[in-house]
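Report on one structure; see the data block that follows.
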Amino acid sequence: MKTLFCVAVFACVSTVLPAADSSTMEKIKQFEKEWAQATVTGDASVLERFEANDYSFTDPAGVTGDKAKDISELKTKVFSAQAIDLEDMSVRVYGTVAVVTGKTTIKGGKYKGEDISGQYRFTDVWANRAGHWQVVASQATQIKN
């Protein structure tokens, strides 16, 4: 599952609104952590809640996917990981859009039987729709050592 391997399709915002309060930024950071943990535990209900119906991602190989693919790969264990650690997260909020950048370390990661353990830089774009934050686009790039 390439939830955390995905390329952000940046939302177009015509005007930058005042900076969000720190509680909004902390809330989104918490959502990122819950989303990562759900991919480890196989809890598809969290993906159902956090990923928008029009969610799209681009993995490090340039392959794109959507919410249905993400959930299917989690449920069928096409993707698995022993741990996903997030760090270096930065959240910038522009009105009803938030852009999150950070670094993730995947431990014991497998995708289609291949080892994908390692470190990645990611960008996630969240949108506040009807009072609920959902991720609408993601991207990840593997960090080569």
Among (1) over 29 Å from residue 21 (Cβ atoms); (2) open to solvent by 70 Å² or more (accessible area, probe 1.4 Å); (3) not small (Gly, Ala, Ser) - the single one residue 74 does not satisfy: (2)
Condition test on residue 103, is it surrounded by fewer than 18 Cβ atoms within 10 Å (Cβ to Cβ) and out of contact with any Lys or Arg (no Cβ under 7 Å at 6 or more places or on another chain)? no
Suppose the filter is over 11 Å from the mean Cα position of the chain (by Cα), surrounded by 15 or more Cβ atoms within 10 Å (Cβ to Cβ) and either farther than 28 Å from residue 145 by Cα or not aromatic (Phe, Trp, Tyr) (or both); does residue 95 pass it? yes
Matching entry among 61, 98, 83 (being more than 27 Å from residue 128 (Cβ to Cβ), modelled with pLDDT of 95 or more and among the hydrophobic types (A, V, I, L, M, F, W, C)): 83
Does the range 64-79 hold any residues that are modelled with pLDDT under 95 and part of a strand (DSSP E or B), and which are they? 79
Have a look at 117, 45, 138, 72 and point out the one that is of a type outside the set (A, V, I, L, M, F, W, C) and touching a Gly at 6+ places or on another chain (Cβ under 7 Å). 117
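Go through the range 1-41 residue by residue and tally those that are assigned to a loop (DSSP other than H, G, I, E, B) and modelled with pLDDT of 95 or more. Give the derivation first.
At the first step, the residues of the range 1-41 found to be assigned to a loop (DSSP other than H, G, I, E, B) are 1-5, 8-21.
If we keep only those that are modelled with pLDDT of 95 or more as well, we get none.
Qualifying residue count for the region: 0.
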Those residues that are open to solvent by less than 70 Å² (accessible area, probe 1.4 Å) and among the β-branched types (Val, Ile, Thr), I need them from the range 30-44; list them, please. 39, 40
Qualifying residue in the range 82-95 (condition: assigned to a loop (DSSP other than H, G, I, E, B), touching a residue at least 24 places away in the same chain (Cβ under 8 Å) and either in contact with a Ser or Thr (Cβ under 9 Å, 6 or more places away or on another chain) or over 22 Å from residue 43 (Cβ atoms) (or both)): yes
Filter pass, residue 67 being surrounded by 13 or more Cβ atoms within 10 Å (Cβ to Cβ) and either under 12 Å from the mean Cα position of the chain (by Cα) or farther than 27 Å from residue 23 by Cβ (or both): yes
In the range 45-58, the residues that are open to solvent by less than 50 Å² (accessible area, probe 1.4 Å) and either among the charged types (D, E, K, R) or under 15 Å from residue 129 (Cβ atoms) (or both): 50, 51, 52, 55
If you go through the range 99-117, how many residues are of a type outside the set (Lys, Arg) and more than 23 Å from residue 72 (Cα to Cα)? 4
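The values are calculated or read from the model by the stated rules, or taken from the named source; none is laboratory data. It should be emphasised that the depicted structure is a prediction, and the values quoted were computed from it without experimental measurement. Because the Cβ atoms are built from the backbone with ideal geometry, glycine has one as well, and the counts that use them run over all protein chains shown. We work out accessible area using only protein heavy atoms, side chains counted, and drop any ligands, DNA or RNA first. Shrake-Rupley method; radii C 1.70, N 1.55, O 1.52, S 1.80 Å.
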